Amino acid sequence: GNENRRFHGTTRQCTLGDPGNTQLCSNQTCGLCGIIRTSFDLKFYKGKTGWGRFGCGLYTSATSSKSESYTTNKTPSPYKAMLMAKVVVGRGYKMTQDDTTRTAAPAGYHSVLGEPDTAGSLNYDELVVYDNDAIRPAYLIVY
């Protein structure tokens, strides 16, 4: 399948990535350390937004500012952190309108490609997979 690199923003309960801090924390609500430790998991879906434009999936974007809007520090820090993930797209189904009830890609497809369109509801691209094995954290980006 075709693999893409995409950004993913999540909650950081600790200061992982800040100068001198290279250890994963043990806080069970730290999305950043949890993903790095055990990878992405659909059971944590909706932790930040309370809804999903394309239903229950794992969301990424080629647009860093889109993913940055989901990056949250719960511990004060002058730095922020997000992940660069490797995502197996497979056969992607293009969508421009919300479908919040989706729990899988349409039959014959492996992922959903949310694409901005003048008639659609998206401002930025989104790549959504519905299988934990289709996505892995690759890089920690601290800025």
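The values are calculated or read from the model by the stated rules, or taken from the named source; none is laboratory data. This structure is a prediction, so every number in the text was calculated from the model and none was measured. Neighbour counts are summed over all protein chains in view; Cβ atoms, including those assigned to glycine, are modelled from backbone coordinates with ideal geometry. Protein only, heavy atoms only, side chains kept; ligands, DNA and RNA dropped before computing areas. Shrake-Rupley method; radii C 1.70, N 1.55, O 1.52, S 1.80 Å.
Residues in region 48-67 that are of a type outside the set (A, V, I, L, M, F, W, C) and surrounded by 14 or more Cβ atoms within 10 Å (Cβ to Cβ): K48, G52, R53, G55, G57, Y59, T60, S61, T63, S64, K66, S67.
So that you can scan it fast, the table gives a plain yes or no per residue for (1) of a type outside the set (V, I, T); (2) at pLDDT 95 or above:
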{"residue": "T29", "(1), (2)": "no, no"}
{"residue": "C33", "(1), (2)": "yes, yes"}
{"residue": "R53", "(1), (2)": "yes, no"}
{"residue": "L58", "(1), (2)": "yes, yes"}
{"residue": "Y93", "(1), (2)": "yes, yes"}
{"residue": "T103", "(1), (2)": "no, no"}
{"residue": "G108", "(1), (2)": "yes, yes"}
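The set of residues from region 113-138 being assigned to a strand (DSSP E or B) and surrounded by 16 or more Cβ atoms within 10 Å (Cβ to Cβ) comprises L113, G114, E126, L127, V128, V129, I135, P137. Counting only strands (runs of 3 or more DSSP E) that sit completely within region 34-102, zero hold 3 or more residues that are among the aliphatic types (A, V, I, L, M) and farther than 25 Å from G17 by Cβ. Within the span defined as region 105-112, one or more residues are of a type outside the set (F, W, Y), open to solvent by less than 80 Å² (accessible area, probe 1.4 Å) and outside any loop (DSSP other than H, G, I, E, B). The residue that is modelled with the lowest pLDDT, among those in region 68-87 that are within 21 Å of N132 (Cβ to Cβ) and open to solvent by 60 Å² or more (accessible area, probe 1.4 Å), is Y70.
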